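The structure under discussion appears below in the form of structure tokens.
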Amino acid sequence: MANPKVSFIVPVYNTQEFLPRCLDSLLGQTCPDIEIVVVNDGSPDDSAAIIGKYACKDSRVCVVEKSNGGLSSARNAGMDVARGDIIDFVDSDDYVEPNLTEFLVDTFAKEHPEIVVFGAVCEPAELASKRIKQLLSPEACVFESFDPALLFSANAQPYVWRAAYSRGLIERESLRFAENVRFAEDVVFQFESYPLSARTVLAPEKLYHYVMQEKSLTHTFNAGAKRTDKVDAHLLVLHEVLERWDRRGLLGLRPGELATWFLDLVVFDLARLDAEGYAVVAASVKGEFRQYFGSSWMDLPSATAVRNVARKIAAGAGVSLIDVVRLYLSTRGLKACIERFV
């Protein structure tokens, strides 16, 4: 049999309440030439029974059973068996618009991209910050080869479920998720895949429904008591990105933008750590950047406010909330800064 046009990879863990809606949205696509690779990641609830019923009803549902290994492990297991020309990731507590497959097939046929990034809506909307809504609202654009805007300013990341990948790109570059990363694993994948894509298309169509859960890992990490865990998780993301860029020969792409992006990501939580926690994290940040970019890494960012934060971290000096505001003003602008703090 010919390969399906699109393989949807759906990792499942304890989502019995939402799984039927997710699978129904995929099976109800206006373009039926799909396969749905459902990876049961050792889920202890009734998800396995639900998956089994769907597989019995529709031969397009392919089931992968595995012991629990986390989201990255489940997505990798799905990629190992997916046969589609286009690979798309869907979280099992979310759902998609009925024309997603049709849109992807048409876009890949007409534009010949290796990655297509599209928009999404958050549900319920009140749980989403203005920044998240902005990130999920890309403007129409075509990037020939790599452009740093894809990673740093074009609203193309985070969240891997808002992007579809050509099978050719994934196989040519042996792309896989970092299984040791349990938080923001999407970011590591995007920081590796976007620079390797020969052509990337951004589309404003909102074709994905991101269902925000109060108990999700992202919301849990945003709680004050978990601040240290959140910073540690982001440090692991930085480590994986730097290691993969080094392995791929990408470190020379835009190191200043990379340093700025990371400091913008962690500086607010970093400034609110106690002295002991701050010293540990600052040493780790310094060590990572120094290893890959040398002793003058703190001079990489172009903005003065970002360089000042980098120099304080390198010197082990504390970062204040005033430093955070100045950095945000330089990286996000006044409007976003007001929204962040007011």
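Does segment 308-320 contain any residue that is in contact (Cβ under 8 Å) with a residue 40 or more places away in the chain and either within 23 Å of the chain's Cα centre (by Cα) or surrounded by fewer than 17 Cβ atoms within 10 Å (Cβ to Cβ) (or both)? Checked against the condition, which is being in contact (Cβ under 8 Å) with a residue 40 or more places away in the chain and either within 23 Å of the chain's Cα centre (by Cα) or surrounded by fewer than 17 Cβ atoms within 10 Å (Cβ to Cβ) (or both), segment 308-320 yields at least one hit. Of the residues making up segment 59-84, those that are free of Cβ contacts under 8 Å to residues at least 60 places away in the same chain and in contact with a helix residue (DSSP H, G or I) (Cβ under 6 Å, 6 or more places away or on another chain) are VAL61, VAL63, VAL64, LYS66. Tally up the residues in segment 60-77 that are over 16 Å from GLU35 (Cα atoms) and hydrophobic (A, V, I, L, M, F, W, C), please. Residues flagged as over 16 Å from GLU35 (Cα atoms) and hydrophobic (A, V, I, L, M, F, W, C) within segment 60-77 amount to 2. Scoring GLN134 on the criteria (1) within 28 Å of ASN3 (Cα to Cα); (2) in a helix (DSSP H, G or I) leaves a single failure, condition (1).
Scanning segment 130-153 for residues that are within 25 Å of ASP85 (Cβ to Cβ) and of a type in the set (A, V, I, L, M), which turns out surrounded by the most Cβ atoms within 10 Å (Cβ to Cβ)? Within segment 130-153, the match that is surrounded by the most Cβ atoms within 10 Å (Cβ to Cβ) is LEU150. The helices (runs of 4 or more DSSP H) falling completely within segment 167-262 that include 2 or more residues that are modelled with pLDDT of 95 or more and not charged (D, E, K, R) map to 167-173, 185-193, 227-248.
Evaluation of LEU300 against the conditions (1) open to solvent by 40 Å² or more (accessible area, probe 1.4 Å); (2) over 14 Å from LEU258 (Cβ atoms) shows that the sole unmet condition is (2). Within segment 108-119, is there a residue that is modelled with pLDDT of 95 or more, in a loop (DSSP other than H, G, I, E, B) and either open to solvent by less than 40 Å² (accessible area, probe 1.4 Å) or in contact with a helix residue (DSSP H, G or I) (Cβ under 8 Å, 6 or more places away or on another chain) (or both)? Checked against the condition, which is being modelled with pLDDT of 95 or more, in a loop (DSSP other than H, G, I, E, B) and either open to solvent by less than 40 Å² (accessible area, probe 1.4 Å) or in contact with a helix residue (DSSP H, G or I) (Cβ under 8 Å, 6 or more places away or on another chain) (or both), segment 108-119 yields at least one hit.
The values are calculated or read from the model by the stated rules, or taken from the named source; none is laboratory data. The model shown is predicted, which means the values in this text are computed figures rather than measured ones. Positions of Cβ are backbone-derived with ideal geometry, glycine not excepted, and every protein chain shown enters the neighbour counts. We work out accessible area using only protein heavy atoms, side chains counted, and drop any ligands, DNA or RNA first. Shrake-Rupley method; radii C 1.70, N 1.55, O 1.52, S 1.80 Å.
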